[in-house]
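Encoded as structure tokens, the structure appears first; notes follow it.
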Amino acid sequence: MPDGSVPAERFPRQARRVELLGPDVLDDPRYLVPAAPSGETGLAWLRARVPRFCDGAQHRRRRAAVDTLVAGLSVAPAPGEDPTPALLRALDLPAACAPDVAVVAAAYQPHTRQSGGADAALERLVEACGARDDTTAARICLLVQAHGALQALLEQRRSGLPGPPVPTTRRVAPDGRTVEVDLTGAPFGRGPHACPGRALTAVLVP
Ligand code: HEM
């Protein structure tokens, strides 16, 4: 994308009232990730079960599950292969799920454009995983987070543009304001939500 932003972590340029802070904020426990409304199906179901949209003990529990999943992955992309089918293979899922991963990744952040199509794509991924449970949520979470960030990295390599592939993230400040956080100098984030896919990135997009 022209501004270097990416679907899975995309934060469209906000009006100037959204303050841009440095990455130190990511180490400050008073700044929380924006919460996402819960739901029984679709993207709302996913967001309510992944580490990306919660903090504290709930985050530690969900994050441990994701870390365990990442640690057990054996990823072996063919030279030049798109990273999403390679990750699907490592998760024992069909490469044919890749288009659904892309659609879900584009709607992952709650403030990006939502659609019935994205919710339907999520439901197909749940079906491919075989159960509507926390393990499925962790697998889909890995797929969509990786897809958005890695496609941004590939696009950045093509364009030669400088800066982090995911330029910003968001937090809610102690006074309730939503702030943007500049990831310059911290491309994989920092603190409890720091990216668990950093080592895998080097394997998937060498
Ligand atoms: C170019 C490659 C990548 C970049 C630049 C990147 C960047 C980031 C950043 C900045 C965050 C933190 C967001 C925040 O604190 O608000 C994050 C979180 C995350 N990333 Fe990555 N990522 C990349 C690749 C991957 C890959 C390959 C995976 C999975 C295999 C992955 C999975 C995740 C997950 C699950 C989280 C949420 C962690 C949590 O909330 O505790 N990422 N990523």
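Just so it is clear, none of the values below were taken in a lab; they were calculated from the coordinates. Predicted, not measured: the structure shown is a model, and the values here were computed from it. In this analysis, Cβ positions are derived from the backbone assuming ideal geometry, glycine residues included, and neighbour counts consider all displayed protein chains.
When shorter helices are ignored and each DSSP H run of at least 4 residues is given -39500 (n - 2.57), the per-residue value for the chain at 222 nm works out to -13000 deg cm²/dmol.
About its Cα centre, the dipole of the chain is roughly 280 debye, where the only charges are +1 on Lys and Arg Cβ and -1 on Asp and Glu Cβ.
Between Thr178 and Ala76, what FRET efficiency follows from the Cβ-Cβ distance if R0 is 35 Å, with the result rounded to 0.05? Numbers along the way, then the final one.
Working: r = 40 Å, r/R0 = 1.14.
Efficiency for this residue pair is about 0.30.
Give me the percent of DSSP beta bridges within the stretch 7-204 that run antiparallel, rounded to the nearest 5. Working shown, then result.
Values: 6 of 8 bridges.
The antiparallel fraction comes to roughly 75 percent.
Which residues does a label at Thr135 reach in the stretch 55-90, if reach means a backbone N under 20 Å from a point 7 Å past the Cα toward the Cβ? In the stretch 55-90, the label zone of Thr135 (backbone N under 20 Å from the point 7 Å along Cα→Cβ) covers 61-75, 87-90.
Model label points for Thr41 and Ser115, set 7 angstrom from Cα along the Cα-to-Cβ axis, are 1.8 nm apart.
For the stretch 7-204, would you read off the P(r) tail past 29 Å as a percentage of all alpha carbon pairs? Every Cα pair in the stretch 7-204 considered, those over 29 Å come to 19 percent.
Across the options Val18, Gly39, Ala98, the greatest Cα extent toward the positive end of the charge dipole of the stretch 7-204 (unit charges at beta carbon of Lys, Arg, Asp, Glu) belongs to Val18.
Order of 94-100, 158-164 by packing, highest average Cβ count within 10 Å first? Please list the in-between numbers first.
Values: 94-100: 15.4, 158-164: 11.3.
Going from most to least packed, we get 94-100, 158-164.
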